[in-house]
1. Is there a residue in the stretch 169-180 that is closer than 16 Å to GLY40 by Cβ and surrounded by 15 or more Cβ atoms within 10 Å (Cβ to Cβ)?
2. Would a scan of the stretch 124-131 turn up a residue that is open to solvent by less than 30 Å² (accessible area, probe 1.4 Å) and under 17 Å from the mean Cα position of the chain (by Cα)?
3. Give just the number: which of (1) surrounded by fewer than 18 Cβ atoms within 10 Å (Cβ to Cβ); (2) at pLDDT below 95; (3) under 24 Å from GLU16 (Cα atoms) does ALA157 not satisfy?
4. For the stretch 126-153, what are the residues that are under 16 Å from GLU25 (Cα atoms) and among the β-branched types (Val, Ile, Thr)?
5. Out of ALA129, ALA175, report the one residue that is touching a helix residue (DSSP H, G or I) at 6+ places or on another chain (Cβ under 8 Å) and of a type in the set (Gly, Ala, Ser).
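The values are calculated or read from the model by the stated rules, or taken from the named source; none is laboratory data. Owing to the predicted nature of the structure, the values given are computational and were not obtained by experimental measurement. As a convention, Cβ positions derive from the backbone with ideal geometry for all residues, glycine included, and neighbour counts pool all protein chains shown. For accessibility, only protein heavy atoms count, side chains too; no ligands or nucleic acids. Shrake-Rupley method; radii C 1.70, N 1.55, O 1.52, S 1.80 Å.
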Amino acid sequence: MADARRQLLMDEKAIERVLARMAREIVEKNNGTQGLALVGIHRRGVPLAERLATEIERAEGKRPPVGSLDITLYRDDLRAIGPMPVVGETRLPQGGIEDRAVVIVDDVAFTGRTVRAALDELADFGRPARIYLCVLVDRGGRELPIQPDIAGRVVEAGPGQYVEVLVPEFDGRLAVELRTSEGAP
């Protein structure tokens, strides 16, 4: 029996189609692959950045370098996390970010606070020529004036709902679900 609190928004095939389109948009906005680098935000932004790099390589014959950001120490709610936050690895793309077009990749755009933290962390490593924000799902609900340049899908999620991106590396499958919390209307 299906869980009434889960609604499938995108299956694997739909995500693959969306990622192919997003990869083309990245290349188009950058006028090619020259100077392009992708940086995924931990956790699910990293495998999405890898998939986008693969799509770019498939279309353009050149794979942009990929890095990862762990924004834990840059969060504005660090005190709420607790005294011993688990910090992952930040790994810059080969060649760094200085004077490059850097694409920050995340799974879901919501309040804008995660992206603000990513921008703060990137600034500690250098000055890119340009930064683009690319997300698989834009669910709205901004608290900060930060908008994605490229969004795979826009989803209206109400109070008590959240968008979950599932990736094989962590979840065993590729999908996007809209979930409703217990007690929500």
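1. Yes - at least one qualifying residue is present in the stretch 169-180.
2. No, the stretch 124-131 has no match at all.
3. Just one mismatch for ALA157, condition (1).
4. Passing the criteria: ILE131, VAL135, VAL137, ILE150.
5. Criteria check complete, one pass: ALA175.
Listed here are the residues, each with its yes/no results for (1) open to solvent by less than 30 Å² (accessible area, probe 1.4 Å); (2) in contact (Cβ under 8 Å) with a residue 40 or more places away in the chain; (3) charged (D, E, K, R).
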site: ALA53; (1), (2), (3): yes, no, no
site: ILE97; (1), (2), (3): yes, yes, no
site: ARG100; (1), (2), (3): no, yes, yes
site: GLY112; (1), (2), (3): yes, no, no
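Per-residue answers, yes or no, for (1) touching a residue at least 12 places away in the same chain (Cβ under 8 Å); (2) closer than 23 Å to ASP171 by Cα:
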{"site": "GLU25", "(1), (2)": "yes, no"}
{"site": "THR33", "(1), (2)": "yes, no"}
{"site": "LEU48", "(1), (2)": "yes, yes"}
{"site": "GLY61", "(1), (2)": "no, no"}
{"site": "ILE71", "(1), (2)": "yes, yes"}
{"site": "ASP124", "(1), (2)": "no, no"}
